[in-house]
Amino acid sequence: MSLLVVGLSHRSAPVSVLERAALSADAQAKLLQDTLAAEPAVEASVLSTCNRIELYADVDKFHAGVAELSTLLAQHSGVGLEELTPYLYVHYEDRAVHHLFSVACGLDSMVVGEGQILGQIKDGLARSQELHTAGRLLNDLFQQALRVGKRAHSETGIDRAGQSLVTFGLEQLAAGRPVDVWAKDKRALVIGAGSMSSLAAATLARAGVAEVVVANRTLERAERLAQILSEPGGTGVTARAVPMDAVGDELTRADVVVSCTGATGLVLTEAEILRATEGRTDGLSLLDLAMPRDIDGAAHRIAGVRFVDIESLAQASADAPMAADVDQVRGIVSDEVAAFGAAQRAATITPTVVALRTMAADVVAGEITRLDGRLPELDEKQRAEITQTVRRVVDKLLHAPTVRVKQLAAEPGGAGYADALRTLFDLDPEAVAAVSRADLNELNEPVAKNRGRAS
């Protein structure tokens with residue numbers, strides 16, 4: 001295993017850099033394809049959220065891999081390599097596994113313990129599967145990360161340590177008041193209809209707002225979200241959809257606005273916010289969860305406007321209390337990293353063991369054929385008994401060494417046992433490689449069909 005991750009997050013880079021480095025869906029796809037085309041990488045996956053961009057790869061050379069992945073991140077983010085480099089972090093092999101498992105548990109999130117990261121990891125896995133850039137290592141890694149994250153949330157109280165970014169943002173807007181008290185009977189405008197915007201709309205509806213207006217560039221998606229919100233089985237709130245060109249008018253009627261789109265430019269400018277607040281006596285609350293930002297940062301300076309964005313959330317979360325459960329989650333992560341490493345090391349010897357058993361089966365078949373030539377008078381029952389006896393002898397002779405070599409291979413530094421086994425039994429390297437290729441082909445087919453099971 002030569003797992004490498006190069007990335008930047010709210011912990012390593014200022015929001016201004018993260019904002020400029022944000023990758024669109026098309027840019028992520030191109031980054032994956034270019035990473036796979038680069039010489040050091042044979043697999044690649046991207047984890048991209050509003051506060052992190054990470055490129056995972058299986059590489060054959062560490063230093064060349066770091067240089068190549070850093071260069072590719074710079075090229076596709078549009079931030080120059082010289083400017084980006086000071087904010088990049090690098091994790092390799094077990095440290096890379098530890099990092100992703102910690103991310104999956106919410107330990108590395110802006111709001112510790114938030115669970116939305118699991119959906120984002122699932123999206124990253126699905127994208128790399130669709131583009132066929134994830135092989136055995138990254139499929140195993142990301143799917144195990146999802147299981148570890150779920151285990152942390154089910155076995156500990158990590159959920160008490162933090163909330164989703166949406167909930168945390170609304171709490172900041174409420175300024176110490178209970179969100180349901182602050183939100184009651186307000187008119188809410190949600191800009192965007194993606195996962196974060198949908199979560200914001202549902203959270204506001206449950207908090208008791210009088211109306212939710214959803215604006216989106218694709219009106220059909222906004223209409224679908226509004227319908228889900230207003231259905232009896234949903235939140236039951238009054239909800240309607242509007243096109244993006246109606247945002248200006250809706251802004252004048254809204255009390256609270258949450259924006260999270262994939263736009264590359266501003267969705268709400270200072271001038272639009274000033275027009276919306278002109279002459280009104282009640283305040284306007286704005287929550288910007290987009291990266292890059294949707295709402296002009298000048299909103300901080302407008303009278304009567306309470307504005308919360310990613311940067312102010314990062315500052316507020318730095319002082320958030322840590323639950324005691326965090327230590328328990330860290331223990332889970334450490335145990336799972338050790339187990340994952342052992343499983344990966346053990347898996348490296350499986351093709352060699354399969355090739356050995358195949359060779360043994362071929363030897364048995366050859367000897368039985370030779371026996372048939374020398375003792376043609378054997379009847380079927382006798383022949384079957386002799387064949388079964390020879391197979392049992394071979395199985396018993398191979399059982400202890402193959403079980404032991406798998407155990408040894410799972411230990412740190414155990415990779416050399418596969419080489420020893422190939423040498424001792426004079427196994428054909430191409431036969432071992434053929435088992436590995438067949439294994440990988442068998443893996444990719446069901447994974448592609450069952451993406452929904454990854455979580």
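The values are calculated or read from the model by the stated rules, or taken from the named source; none is laboratory data. What you see is a predicted model; the values in this text were computed from it and never measured. Glycine gets a Cβ as well: all are built from the backbone with ideal geometry, and neighbour counts include every protein chain shown. Just so you know, the surface numbers come from the protein's heavy atoms only, side chains and all, with ligands and any DNA or RNA stripped out. Shrake-Rupley method; radii C 1.70, N 1.55, O 1.52, S 1.80 Å.
See the values below:
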quantity	calculated
Looking only at the range 191-235, and only at residues there that are open to solvent by less than 20 Å² (accessible area, probe 1.4 Å) and β-branched (Val, Ile, Thr), the one that is farthest from Asp294 (Cα to Cα)	Val209
Residue within the range 19-40 that is at pLDDT 90 or above, part of a loop (DSSP other than H, G, I, E, B), surrounded by fewer than 18 Cβ atoms within 10 Å (Cβ to Cβ) and of a type in the set (S, T, N, Q) present	no
Given (1) over 21 Å from Ile310 (Cβ atoms); (2) open to solvent by less than 70 Å² (accessible area, probe 1.4 Å); (3) of a type in the set (S, T, N, Q); (4) in contact with an Asp or Glu (Cβ under 7 Å, 6 or more places away or on another chain), number of the condition Thr238 does not satisfy	(2)
Residue list for the range 362-377, restricted to those being of a type in the set (Gly, Ala, Ser) and touching a residue at least 12 places away in the same chain (Cβ under 8 Å)	none
Some residue of the range 177-190 being part of a loop (DSSP other than H, G, I, E, B) and crowded, with 17+ Cβ neighbours inside 10 Å	yes
The range 44-69, residues that are charged (D, E, K, R), over 15 Å from the mean Cα position of the chain (by Cα) and crowded, with 19+ Cβ neighbours inside 10 Å	Asp58, Glu68
Some residue of the range 400-408 being modelled with pLDDT under 80, buried (at least 16 other Cβ atoms within 10 Å of the Cβ) and not hydrophobic (A, V, I, L, M, F, W, C)	yes
Qualifying residue in the range 217-235 (condition: under 19 Å from Arg187 (Cβ atoms) and assigned to a strand (DSSP E or B))	no
Boolean, Ala346 is at pLDDT below 80, within 42 Å of the chain's Cα centre (by Cα) and surrounded by 12 or more Cβ atoms within 10 Å (Cβ to Cβ)	yes
Single condition Ala246 does not satisfy, out of (1) open to solvent by less than 60 Å² (accessible area, probe 1.4 Å); (2) in a helix (DSSP H, G or I); (3) closer than 29 Å to Ser109 by Cβ	(3)
Tally of residues being open to solvent by less than 20 Å² (accessible area, probe 1.4 Å) and free of Cβ contacts under 8 Å to residues at least 40 places away in the same chain across the range 124-168	0
Residue ID - farthest from Ile332 (Cα to Cα), chosen from residues in the range 58-108 that are touching a residue at least 24 places away in the same chain (Cβ under 8 Å), of a type in the set (Ser, Thr, Tyr) and in a helix (DSSP H, G or I)	Ser77
Which listed residue is at pLDDT below 70, within 19 Å of Val364 (Cα to Cα), open to solvent by less than 80 Å² (accessible area, probe 1.4 Å) and touching a helix residue (DSSP H, G or I) at 6+ places or on another chain (Cβ under 7 Å), from Ala415, Ala448, Ala454, Ala431	Ala431
Tally, over the range 380-401, of residues that are among the charged types (D, E, K, R) and over 48 Å from the mean Cα position of the chain (by Cα)	4
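Conditions tested, residue by residue: (1) over 24 Å from Val111 (Cα atoms); (2) modelled with pLDDT of 85 or more.
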| residue | (1), (2) |
| --- | --- |
| Glu270 | yes, yes |
| Thr277 | yes, yes |
| Gly283 | yes, yes |
| Leu286 | no, yes |
| Leu289 | no, yes |
| Gly297 | no, yes |
| Asp319 | no, no |
